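Worksheet for the structure shown next.
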Amino acid sequence: MRLSGKTAIITGGGSGIGRASAVRFAAEGAFVALVDRDGDGARETLSMLREHGGDGSVRVGDVGDPTFAATTVAQVTVTRRRLDVLMTAAGFSCGGTVVTTSPEDWDAVFRANVGGTWLWARAAVPIMQRQKSGAIITLASQLAVAGGRGNSAYIAAKGAIVSLTRTMAVDFAEDGIRVNALAPGAIETPLLRRSFGRHADPQAVREASRQRHAMKRFGLPEEVANAALYLASDEAGFTTGVVLPVDGGWLAA
Ligand SMILES: NC(=O)c1ccc[n+]([C@@H]2O[C@H](COP(=O)([O-])OP(=O)(O)OC[C@H]3O[C@@H](n4cnc5c(N)ncnc54)[C@H](O)[C@@H]3O)[C@@H](O)[C@H]2O)c1
């Protein structure tokens with residue numbers, strides 16, 4: 001097993017990419033602490049990974065809350081005596097250009113996506129420094145590299161996550177901590193369905209997005225989870241500071 005005996009924290013573990021990664025990590029031997037503001041979703045994920053012989057725990061709260069981040073990381077580490085992997089998958093988008101996005105929506109998107117990366121890394125890094133090992137996996141987006149329409153706060157936040165990932169990778173490389181970002185294309189999750197649902201003709205936007213991928217299809221959360229597993233495992237021992245597309249050829253096309 002590729003994560004045998006390891007402890008992982010996955011934010012956004014109650015749905016989509018975070019859930020699929022939690023199931024995959026647990027199947028590879030990791031204990032997975034699931035963090036989400038959706039307690040029902042996180043508990044459902046816990047049942048799923050237990051069904052497959054894995055184990056984990058659930059913490060419910062807002063990833064943008066500094067106290068919640070600090071206490072959760074500390075509690076998980078005290079209970080498990082180590083922290084090997086942090087994956088920050090909690091996030092959401094609100095849609096809108098810079099003109100139509102309200103200041104409140106802008107702040108909320110940055111708080112969850114960027115704050116939800118920074119605050120958790122801030123709590124996890126000192127523990128990983130003491131261990132002299134650790135892997136942090138952040139969630140960017142192919143849109144952070146390519147740009148995109150009508151989603152300015154989200155795309156700007158994902159761009160910030162790319163920069164944050166690279167700077168953390170450099171700052172902590174000599175401490176044995178690897179920091180990498182995933183840049184998924186459109187992945188079949190509730191987030192994607194909500195984002196199409198904001199448009200006047202969701203079906204037309206969905207089809208245009210599908211066609212924009214070189215593979216002419218959307219990705220599955222499990223396909224992102226496989227890439228996350230690689231970055232979390234010792235197989236990626238010489239890989240840090242990368243932004244790994246899992247995008248069906250979107251960025252290449
Ligand atoms: N689905 C895609 O097409 C896609 C593409 C590129 C990047 N991403 C990124 O991947 C990550 C996971 O997305 P997904 O598609 O699995 O979405 P999802 O909506 O299925 O899951 C996101 C989870 O994060 C949780 N969450 C959101 N904000 C939170 C907060 N403030 N505090 C605590 N929990 C919070 C939600 O409750 C949900 O369970 C996100 O960062 C997203 O931006 C997704």
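The values are calculated or read from the model by the stated rules, or taken from the named source; none is laboratory data. Note that the structure is predicted; figures quoted are calculated from it, not measured. Using ideal geometry, Cβ is built from the backbone for each residue, glycine included, and neighbour counts are taken over all protein chains shown.
For this structure, a couple of remarks:
- Being of a type in the set (Val, Ile, Thr), modelled with pLDDT of 95 or more and away from the ligand (no atom under 14 Å from the Cβ) is a property that Val224 lacks.
- Matching option when the condition is closer than 20 Å to Thr138 by Cβ, among the aliphatic types (A, V, I, L, M) and in contact with a Cys (Cβ under 9 Å, 6 or more places away or on another chain), among Ala33, Ala108, Ala22: Ala108
- Residues in region 16-45 that are crowded, with 24+ Cβ neighbours inside 10 Å, more than 10 Å from the ligand (Cβ to nearest atom) and under 12 Å from Ser57 (Cα atoms): 5 in all.
- Tallying residues that are among the polar types (S, T, N, Q), touching a residue at least 60 places away in the same chain (Cβ under 8 Å) and either surrounded by fewer than 20 Cβ atoms within 10 Å (Cβ to Cβ) or part of a strand (DSSP E or B) (or both) within region 156-199 yields 1.
- Sub-6 Å Cβ pairs linking a first residue in region 60-89 that is in contact (Cβ under 8 Å) with a residue 40 or more places away in the chain to a second residue that is buried (at least 16 other Cβ atoms within 10 Å of the Cβ) and in a loop (DSSP other than H, G, I, E, B), at least 6 apart or interchain, are Asp62/Arg37; Val63/Ala90; Thr77/Leu83; Asp84/Lys6; Ala89/Gly12, ordered by first then second residue.
- Between Ala124, Ala153, Ala135, the distinction of being in contact with a Lys or Arg (Cβ under 9 Å, 6 or more places away or on another chain) and buried (at least 22 other Cβ atoms within 10 Å of the Cβ) belongs to Ala135 only.
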